[in-house]
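The values are calculated or read from the model by the stated rules, or taken from the named source; none is laboratory data. Model, not experiment: these values are computed from the prediction. Quick reminder, even Gly has a Cβ in these numbers, built from the backbone with ideal geometry, and neighbours come from all protein chains shown.
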Amino acid sequence: MRYNYGRKEYIITDGKIEQNIKSDQPLSQGSVVKLEGELDDSGSIVANRIVFLEGVKETDVLERIKANVRDSLRVSDEPILVNDEITKKIWPQLKELAVEFVLAKKLGRSILLRFHGDADGVCGAFALTGILYCKTFQQNSAMYNVKDAFRDMSTIGQENKPLIVLLDFGSSDSCKEALELIAAAGIDYVIIDHHPYNAKENRKIINPFGFADNVSKYTAGYLACEIAIASGLDLEKGRELAKIACAGDKSSILESDDSDVKKAMVLDFLTNHVSFGNNLDFYKKVMEKQELFASIAQQADESIEEAAKKALAGAKRVIEKDVEICTFPLDAIVRKGEWPSSSKITTRVYDKIRGEQPLICIGYTEYSVIMRINDGAVAKGLNANELAENVKKTMADFVKGGGGHAKAGAISVRPGFNREVLGELQRQISKSLIA
Ligand SMILES: [Mn+2]
């Protein structure tokens, strides 16, 4: 809808072409109508009769419009940024969601986007808001709970064909209850995520774990960028955002440079300090204002450096079969949920001491054990993901979860058991080392 000389004009679409119409009868956004009228000199249709379609008729027409959008989008048959075995499998879903988003935009659907509060989630949100108008909210908890569901219902439940998008969280079983409420309220939702999950029934989830194991490197931000590009986002803009998202989640699927890593760090720092609400525009501003960006980057970096120095001062460093094992406690340095996180500190300690010598760094708190391994130590038989998996298997009662990839991994520990878990990890390391 728009005003032309004070008169309301509407734009209607069948998914392929768009047409101006003039109508004395008011139309609301997203209505599906049958229309009769005449073309005037300006090329607009002057409506004589409008019938609002409902029920099956409306659904049928929407399907036809969707098919037209699908035809006119001309999306590539293969993934655009990363074309490998896994992304080929997810591609049909990503493509279909791109069609749905373009349609949603044409229909003026009311969209609420909740993005996880880290660089991966923010980059994905940047990409999606590049193609869609959304109300955006940062989500710091990994769980979508009943309270979130009620809040979202009251925010967009009464608006035009509401749709909720959860980005970089929402797959886990614990979110099911809240999502059932959303569905019961007649609100569509879709989850774009890359965290492991179990129950695959009845939920609209786009997640590489639907196709294979150990695929968290296909980050939610990356997936969102593929979808956004397929929906019309500038390719280079999408690639840039996907690279930062991958740098933030330490994913190797796209090569990232120092600038990507720095941007990811700044986004992680910002999301950590500005922890809820709608901050996307603020984040965008920081990324655009060089001076502000530089000073935030410096602050973020200095606090990691300071924490890493403290950690290193308390480290125990031993050499076993030519591999240096550097272990350090982080409880006195890290405050849960605050900057810098134990994984950032562990990475920094690792960066400070790594060289030719095969090396594994282990930072631990009461709740977690974090591992960083260099190529030399991988060649000696160490693999962070396997170590985490083996500890999980042998100490099921002491460990909540764990995993990662060859060079980085983490184990989440039940409070009070970190000594036992560290001992077991040490045994697993000794077992894995090749003499
Ligand atoms: Mn992520």
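If I go through the range 20-59 residue by residue, how many of them are under 23 Å from Arg70 (Cα atoms), surrounded by 15 or more Cβ atoms within 10 Å (Cβ to Cβ) and polar (S, T, N, Q)?
Number of matching residues: 2.
Kindly indicate which of Ala47, Ala98 is in contact with a Leu (Cβ under 8 Å, 6 or more places away or on another chain), in contact (Cβ under 8 Å) with a residue 12 or more places away in the chain and under 19 Å from Gly130 (Cβ atoms).
Only one candidate passes the filter, namely Ala98.
Show the residue pairs meeting these rules: Cβ distance below 7 Å; 6+ apart or different chains; first residue within the range 216-232 and touching a residue at least 40 places away in the same chain (Cβ under 8 Å) and at positive phi; second residue more than 10 Å from the ligand (Cβ to nearest atom) and assigned to a loop (DSSP other than H, G, I, E, B).
So the pair list comes out as Gly232/Ile131.
Determine which member of the set Ala220, Ala183, Ala230 is more than 12 Å from the ligand (Cβ to nearest atom) and closer than 19 Å to Ala245 by Cβ.
Numbers: Ala220 fails: more than 12 Å from the ligand (Cβ to nearest atom); Ala183 fails: closer than 19 Å to Ala245 by Cβ.
The unique qualifying residue is Ala230.
Has the range 241-251 got at least one residue that is more than 16 Å from the ligand (Cβ to nearest atom) and either under 22 Å from Asn385 (Cα atoms) or crowded, with 21+ Cβ neighbours inside 10 Å (or both)? Let's see the steps before the verdict.
Here is the first cut: in the range 241-251, the ones more than 16 Å from the ligand (Cβ to nearest atom) are none.
Within the range 241-251, none of the residues are more than 16 Å from the ligand (Cβ to nearest atom) and either under 22 Å from Asn385 (Cα atoms) or crowded, with 21+ Cβ neighbours inside 10 Å (or both).
Could you list all residues from the range 105-129 that are part of a helix (DSSP H, G or I), at pLDDT 95 or above and either touching a strand residue (DSSP E or B) at 6+ places or on another chain (Cβ under 6 Å) or within 16 Å of the ligand (Cβ to nearest atom) (or both)? Walk me through how you get there before you give the answer.
In the first step, residues of the range 105-129 are kept if they are part of a helix (DSSP H, G or I); the result is 105-106, 119-129.
Keeping just the survivors that are at pLDDT 95 or above gives 119-129.
Across the range 105-129, the qualifying residues are Ala119, Asp120, Gly121, Val122, Cys123, Gly124, Ala125, Phe126, Ala127, Leu128.
Okay, residues lined up against (1) assigned by TED's automatic domain parsing to the domain that holds Ile86; (2) at pLDDT below 90; (3) buried (at least 21 other Cβ atoms within 10 Å of the Cβ):
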position	(1), (2), (3)
Ile187	yes, no, yes
His194	yes, no, yes
Ala199	yes, yes, no
Phe209	yes, no, no
Ala212	yes, no, no
Ala220	yes, no, yes
Glu226	yes, no, yes
Ser231	yes, no, yes
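Would you mention how many residues in the range 252-270 are away from the ligand (no atom under 16 Å from the Cβ), closer than 23 Å to Asn83 by Cβ and assigned to a helix (DSSP H, G or I)?
0
What is the number of the single condition among (1) surrounded by fewer than 19 Cβ atoms within 10 Å (Cβ to Cβ); (2) in contact with a Phe, Trp or Tyr (Cβ under 6 Å, 6 or more places away or on another chain) that Asp84 does not meet?
Result: Asp84 passes all but (2).
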